[in-house]
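Undergrad: Can you read through this structure? Questions will come right after.
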Amino acid sequence: MQRDFQERVRAAAASARSHGADSPKVGLILGSGLSDLVDHLLPAETRRLAIPYGEIDGFGATSVAGHRGTLYVTPDVAVMAGRSHFYEGKPIDDVVLPAATLCALGIKTLIVTNAAGGINPDFRAGDLVLIRDHINLMGTNPLIGPKDPGSVARFPDMTEAYSAALRATALGLDAELKEGVYVALTGPTYETPAEIRMLGAIGGDLVGMSTVPEVIVARSYGVEVLGISTVTNLAAGMSGKTLDHSEVVEVGRSIQGRMTALVSGLLDRLIV
Ligand code: HPA
């Protein structure tokens, strides 16, 4: 986190406000293949604003297929349809700036979604998995650098990075949800089978290339987090198949109905 990060977040929040964002209570980040969810959660006839990332200072466009690159806002919810990834070559500050901006707009809860490879042998492609905890193997941490004045501590506690209460609420809405530990690597290569065996041995159930930086920043601002992974594929070496991003996006899309029901149930409970 560079010295100017706080200033950049403030400018991005002011820019989002000038486009109509007000004080959302909940932030939602939609990962690979999940951008279309927004059209079910906030159909065009609802009071929603669509702001392309290019129009918000510092957000930057996303270059990845399956990521729309639009912020949708209603009076209560801010939805990021698409995110930036470290593997795109952006500085980590740029990767987390949109999530930090939602926090600066005043959200109390952040729901993060992503596509992930399943390491746990009980997981199947198409499963929805609540993230119980994570292992950060990205080789960086967005809080490295001067302490952000908006952050609750120099050394934020990560004991309950993913809220147990929110996970219980989610399970109450969808009893078929599985739970697991998400391991974040930089990508952009998928893992080797040997790496997947290692990640399983250290306690990983899911593997992906996102989410953890955003969650670290949200927790540093004291925002509660719920993480939901779509298992888009079995991780490398577990199915005998090779991995392909179009499959990841496709499975992400196929799970939309169930994910929509879950997230809209959560929003109903969080916006009171
Ligand atoms: N590995 C890393 N990231 C991913 C995967 C995977 O198998 N599937 C979806 N995102």
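Undergrad: Label-point separation (nm) for ARG258 and GLN2, each offset 7 Å from Cα along Cα-to-Cβ?
TA: Here the answer is 4.2 nm between the modelled labels.
Undergrad: Can you tell me the order of 103-112, 206-215 when each peptide is scored by its average per-residue count of other Cβ atoms within 10 angstrom, highest first?
TA: Ranked by mean Cβ neighbours within 10 Å, highest first: 206-215, 103-112.
Undergrad: By how many degrees, 0 to 90 and rounded to 10, does the Cα axis of helix 256-270 deviate from the longest principal axis of the chain?
TA: Between helix and principal axis, roughly 50 degrees.
Undergrad: I'd like the antiparallel share, as a percent to the nearest 5, of DSSP beta bridges with both residues in segment 1-85.
TA: 60
Undergrad: If the only charges are +1 at each Lys and Arg Cβ and -1 at each Asp and Glu Cβ, what is the size of the charge dipole of segment 88-229 around the Cα centre, to the nearest 20 debye?
TA: Taking the Cα centre of segment 88-229 as origin, the dipole is about 220 debye.
Undergrad: So, one more: For the chain, take the longest principal axis of its alpha carbons; what is the angle in degrees between that and the long axis of helix 92-104, to the nearest 10 within 0 to 90?
TA: 60
Undergrad: Taking the Cβ of VAL223 as the centre, find all other residues whose Cβ is under 14 Å away and add up their charges (Lys, Arg: +1; Asp, Glu: -1).
TA: After counting each charged neighbour, the total is -2.
Undergrad: For the pair THR189 and THR242, how long in nm is the line joining their label points, each one 7 Å along Cα→Cβ?
TA: The answer from the label model is 1.4 nm.
Undergrad: Consider all pairwise Cα distances in the chain and report the whole-number % of them above 36 Å.
TA: The calculated P(r) of the chain puts 7 percent of pairs beyond 36 Å.
Undergrad: Same structure, new question: Run down the lysines and flag those whose C-alpha is under 24 Å from the C-alpha of LYS25, throwing out any fewer than 8 positions away in its chain.
TA: LYS108
Undergrad: What per residue convex hull volume, in Å³, comes out for segment 9-158 when only alpha-carbon positions are used?
TA: Cα convex hull per residue, to the nearest whole number: 128 Å³.
Undergrad: Let me ask you something else. Summarise the accessible area of the chain (1.4 Å probe, protein heavy atoms) by the percent that is carbon and sulfur.
TA: 53
Undergrad: A follow-up question, please. Give, in whole angstrom and from largest to smallest, the semi-axes √(5λ) of the equivalent ellipsoid of segment 134-239, with λ running over the eigenvalues of the Cα gyration tensor.
TA: 25, 20, 10
Undergrad: Roll a 1.4 Å probe over the protein heavy atoms and report the accessible area of GLU195 in Å², nearest 10.
TA: That residue has around 80 Å² of solvent-accessible surface.
Undergrad: Take every Cα pair under 8 Å in the chain that's 6+ residues apart, average their separations, divide by the length, and report that relative contact order as a whole percent.
TA: Computed value for the chain: 27 percent relative contact order.
Undergrad: Could you compute how much accessible surface PHE123 exposes when probed at 1.4 Å, giving the result in Å² to the nearest 10?
TA: 10
Undergrad: Compute the long axis of helix 164-173 from its Cα atoms, compare it with the longest principal axis of the Cα atoms of the chain, and write down the angle in degrees, 0 to 90, nearest 10.
TA: Helix 164-173 sits roughly 70 degrees off the main axis of the chain.
Undergrad: May I ask you to give the solvent-accessible area per residue for segment 5-270, in square angstrom, as obtained with a 1.4 angstrom probe?
TA: Value for segment 5-270: 39 Å² per residue.
Undergrad: When the helices in the chain are scored as -39500 (n - 2.57) per DSSP H run of 4 or longer and the sum is shared across all residues, what 222 nm value do you end up with, to the nearest 500 deg cm²/dmol?
TA: Only helices count here, giving -9500 deg cm²/dmol.
Undergrad: DSSP beta bridges in the chain, what fraction antiparallel, as a percent rounded to 5?
TA: 30
The values are calculated or read from the model by the stated rules, or taken from the named source; none is laboratory data. Predicted, not measured: the structure shown is a model, and the values here were computed from it. A quick note on method: Cβ atoms are made from the backbone with ideal geometry, for glycine too, and the neighbour counts reach across all protein chains shown. All accessible areas refer to the heavy atoms of the entire protein, side chains included, with ligands and DNA or RNA removed. Shrake-Rupley method; radii C 1.70, N 1.55, O 1.52, S 1.80 Å.
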